[in-house]
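Novice: One structure follows; several queries about it will come next.
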Amino acid sequence: MKKEILVSVDQDDVRVVILEDEEIVELYVERPVAQRFVGNIYLGKVENVLPGMEACFVDLGLERNAFLYVDDAYPVRPEEEDNLPKNARRAAINKLVRPGQEVMVQIVKDPVGTKGARITRNVTLPGRYLVLMPAVDYVGVSRRISDDKERRRLKKIARENKPEDCGLIVRTVADGIDEDDLKRDLDFLLRQWREVQSKSDKASAPSLLHRDMGVIYQVLRDNLDKSVHRITVDDQTEYQRILQLVDVMAPGTRKRVKWHRDDNSILEERGLEGELEKVVGRRVWLDCGGHIVIDRTEALTVIDVNTGRYVGKRDLEQTVYRANLEAAEEIARQLRLRDIGGIIVIDFIDMESKKHRDNLVQALEKALARDKTRATVLGITQLGLVEMTRKKARQSLDEFMLKPCPYCEGTGRVMSELTMSRKVRNDIREALRESDAEAVLVEVHPSVAAVLIGAGGSNLRKLESELGKSVYVRGSEATHLEEMKVVAMGDKTEVEDRARPVKPGDVLKVVVEEPHASNPKDGIARVEGYVLDITSAGSSVGQEVEIEIVKAYRTYAKARVI
């Protein structure tokens, strides 16, 4: 597998892209205004303890208090975590911490929405080859190092070099690394830990003791191995910093670092800007012509697989099977690329063959195995849905790059024109019922205005007949579909003047938008949503013409081309 890391820097953010065989598999974005907190170590103060929730809230000096769960409130060795009985793992939280107590904690999950950060007292400091665990006396080796002889060698080195009462985990990239390199990494981590302890002794809560290094360092630390054949950066300052980092992490890789000197960013040069814009899209097309649809909710992520344009070459079962297999590969890539965590439910296309269903689950698990973040496939439910989970530690890309629509509030739906027109009529009734005004002018979206007015003004006449007052409707593209503005109320003549944006004799330039529906020889233009019926302009659609207003009516005006 050919792996490449691209680093693009501009005034707004730093973007780090990981390519595997020329395909984007991971994207990291760091912005000054959107600080990442995971990995930071704080001296916090316990605010309140909630025995009923087996948790407490800790003030870290951030916008919201952090959440400390009972399982994270005291040290547990990784190998013991899943084996201890529930009552042993969950001692009463009020026996572990008390209000006002100062505690050293580390953020393991960024604050999201209204939720504060999740924290632990099991502090860890990750390095290039090792992870230092100051709170526990333990030595472990990554499960991804499968050779028993190498595992024993690495564990022996870790045991002989670690300080008392500290733990070490040997990372996957340490496979084959000599003892001197491991010692250098351990010395670096111990210096960091001593600095944290020194700050803790002098500080008062709440206080930041250690800030995890930036995204470029994190990506290089976690990904720089033999498979990375090139690191390309388009900023000279970051280029020099990366050279310094790789000299410490992996001196032999210095020659792989390249400076992209062009004025265009490396992402533009490689044609990846458009691909990155699709990262937060809802629909993802497959090579076969099918597609997947990704929907996020508060509780889980739902992924739907569709054959789309793919019709296959043989029977239906084979068509569906191939589309599902391709979808499984793409779903694994999208979960990793978007960094989607939590509960995930996948609705693959139904298949009759049990063998095909089993093969599909195996294909999904194989594709997920390339992801460093732990994912677990739970199997297929009776409804034919695949359930899985993926560990979540930071905001997913869509949470980071998008915000809920201020109109639909994240539902992805707005009122239809019919529903909105009914609401506007009710609002007009309410406004005129409590007023002695003779007329009212309202402004709405043009598509809502069309429904309110009706064919030939029929709906508007019915409303006026009911109210006994004059109603004027003006369409505006600048007005949201779910919005209505009362522009004027009062004397009929004054309101009518406001309602007509043009008057006979006016000369103006407009673009002919479409031919007249019932008389194609004429053309239609609009001014503030007000319709202009232009004689003999049907052949000028898309062109700008100069016109003169001949007559102005309530809902439209007649005009001629000069």
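Novice: Using the basic label-point model (7 angstrom from Cα toward the beta carbon), what is the Glu150 to Ser416 distance in nanometres?
Specialist: For the pair Glu150/Ser416, the computed spacing is 6.2 nm.
Novice: Related question: Extending each Cα 7 Å along its Cβ direction at Glu179 and Ala478, get the distance between those two points in nm, one decimal.
Specialist: 7.6
Novice: While we're looking at this one, here's another question. Return a single number: how many Lys pairs in segment 429-562, at a sequence separation of 8 or more or on separate chains, have alpha-carbon atoms below 16 angstrom apart. Mind dumping the intermediate values first?
Specialist: On the way: Lys469/Lys492; Lys503/Lys551; Lys503/Lys558; Lys509/Lys558; Lys521/Lys558.
Lysine pairs, 8 or more places apart or on different chains, close enough: 5.
Novice: Ordered by residue, what ³J(HN,Hα) values in Hz, to whole numbers, does segment 155-170 give under the Karplus form 6.51 cos²θ - 1.76 cosθ + 1.60, where θ = phi - 60° and Gly and Pro are x?
Specialist: Per residue, the Karplus-derived 3J(HN,Hα) values read 5, 5, 4, 5, 5, 6, 10, 6, x, 5, 6, 10, x, 9, 10, 8 Hz.
Novice: Gain in length, Ile343 to Asp137, computed as 0.36 nm per residue apart minus the alpha-carbon separation, to one decimal in nm?
Specialist: Computed gain between Ile343 and Asp137 is 70.9 nm.
Novice: Determine the share of the chain's accessible area contributed by carbon and sulfur atoms, expressed in whole percent, with a 1.4 angstrom probe.
Specialist: Details: 14090 of 30220 Å².
Accessible surface attributable to carbon and sulfur in the chain totals 47 percent.
Novice: For segment 519-562, list residues with backbone N below 18 Å from a point placed 7 Å from the Cα of Val511 toward its Cβ?
Specialist: So the set is 523-534, 537-547.
Novice: Tell me, what is the percent relative contact order of segment 209-362, built from C-alpha pairs under 8 Å that lie six or more residues apart?
Specialist: Details: 151 pairs, mean separation 24.7, N = 154.
For segment 209-362, the relative contact order is 16 percent.
Novice: Next question. Which FRET efficiency value, to the nearest 0.05, is calculated for Leu467 and Arg282 with the Förster distance at 35 angstrom and r the Cβ-Cβ distance?
Specialist: Details: r = 43 Å, r/R0 = 1.23.
The pair Leu467/Arg282 has a calculated efficiency of 0.25.
Novice: Here's another thing I want to ask about it. Which three numbers, in whole Å and largest first, are the semi-axes of the equivalent ellipsoid of segment 126-280 derived from its Cα gyration tensor as √(5λ)? Spell out each step's value before the answer.
Specialist: Values: eigenvalues 207, 98, 42 Å².
After diagonalising the Cα gyration tensor, the semi-axes are 32, 22, 15 Å.
Novice: Here's something else I'd like to know. Suppose R0 equals 41 Å. What FRET efficiency, 1/(1 + (r/R0)^6) with r the Cβ-Cβ distance, do Glu269 and Asp304 give to the nearest 0.05? Could you put the intermediate results ahead of the total?
Specialist: On the way: r = 35 Å, r/R0 = 0.86.
Efficiency for this residue pair is about 0.70.
Novice: Please sort 236-242, 403-409 by packing, taking for each peptide the average over its residues of neighbouring beta carbons within 10 angstrom, highest first. Please report the intermediate quantities before stating the final value.
Specialist: Values: 236-242: 15.6, 403-409: 10.7.
Averaged packing, sorted descending, gives the order 236-242, 403-409.
Novice: Ok, one more. Taking 0.36 nm per residue of sequence separation and subtracting the Cα-Cα distance, how much length would be gained by fully extending the chain between Thr389 and Asp427, in nm to one decimal?
Specialist: Details: separation 38, 0.36 × 38 = 13.68 nm, distance 4.74 nm.
Difference between extended and current length: 8.9 nm.
Novice: Can you compute 3J(HN,Hα) from phi for each residue in segment 207-218, using the Karplus curve 6.51 cos²θ - 1.76 cosθ + 1.60 with θ = phi - 60°, rounded to whole Hz and x for Gly and Pro?
Specialist: Working through the residues one at a time gives 7, 7, 9, 7, 9, 4, 5, x, 5, 5, 4, 4 Hz.
Novice: Turning to a different aspect of this structure: When a/c is below 1.5 the answer is rounded, else prolate if a/b is larger than b/c, else oblate, so apply that to the chain with a ≥ b ≥ c taken from the square roots of the Cα gyration tensor eigenvalues.
Specialist: prolate
Novice: About the Cα centre, and with charges only on the beta carbon of Lys, Arg (+1) and Asp, Glu (-1), how big is the dipole of the chain? Nearest 20 debye, please.
Specialist: Magnitude of the dipole: close to 1380 debye.
Novice: Continuing with this model, one more query. Given a Förster distance of 30 Å, report the FRET efficiency between Glu23 and Tyr407 from their Cβ-Cβ distance, rounded to the nearest 0.05.
Specialist: On the way: r = 36 Å, r/R0 = 1.19.
The value I calculate is 0.25.
Novice: Same structure, new question: Which length gain, in nm to one decimal place, applies between Glu102 and Ala203 when the Cα-Cα distance is subtracted from 0.36 nm times their residue separation? Numbers along the way, then the final one.
Specialist: On the way: separation 101, 0.36 × 101 = 36.36 nm, distance 1.04 nm.
Value of the extension gain: 35.3 nm.
Novice: Hey, another quick one. What nm distance separates the two modelled labels at Arg31 and Ile562, each placed 7 Å from Cα along Cα→Cβ?
Specialist: 4.7
Novice: Which number gives the lysine pairs in segment 352-450 that have C-alpha atoms under 26 Å apart and are eight or more places apart or on different chains? Each step should come with its number before you reach the end.
Specialist: Working: Lys354/Lys366; Lys355/Lys366; Lys366/Lys391; Lys366/Lys392; Lys372/Lys391; Lys372/Lys392; Lys391/Lys403; Lys392/Lys403.
Lysine pair count for segment 352-450: 8.
The values are calculated or read from the model by the stated rules, or taken from the named source; none is laboratory data. Computed from a prediction, not measured in an experiment: that's the story for all the values here. Reconstructed Cβ throughout: ideal geometry from the backbone, glycine too, with neighbour counts over all protein chains shown. Each accessible area value is taken on the protein alone, full model and side chains, heavy atoms only, with ligands, DNA and RNA left out. Shrake-Rupley method; radii C 1.70, N 1.55, O 1.52, S 1.80 Å.
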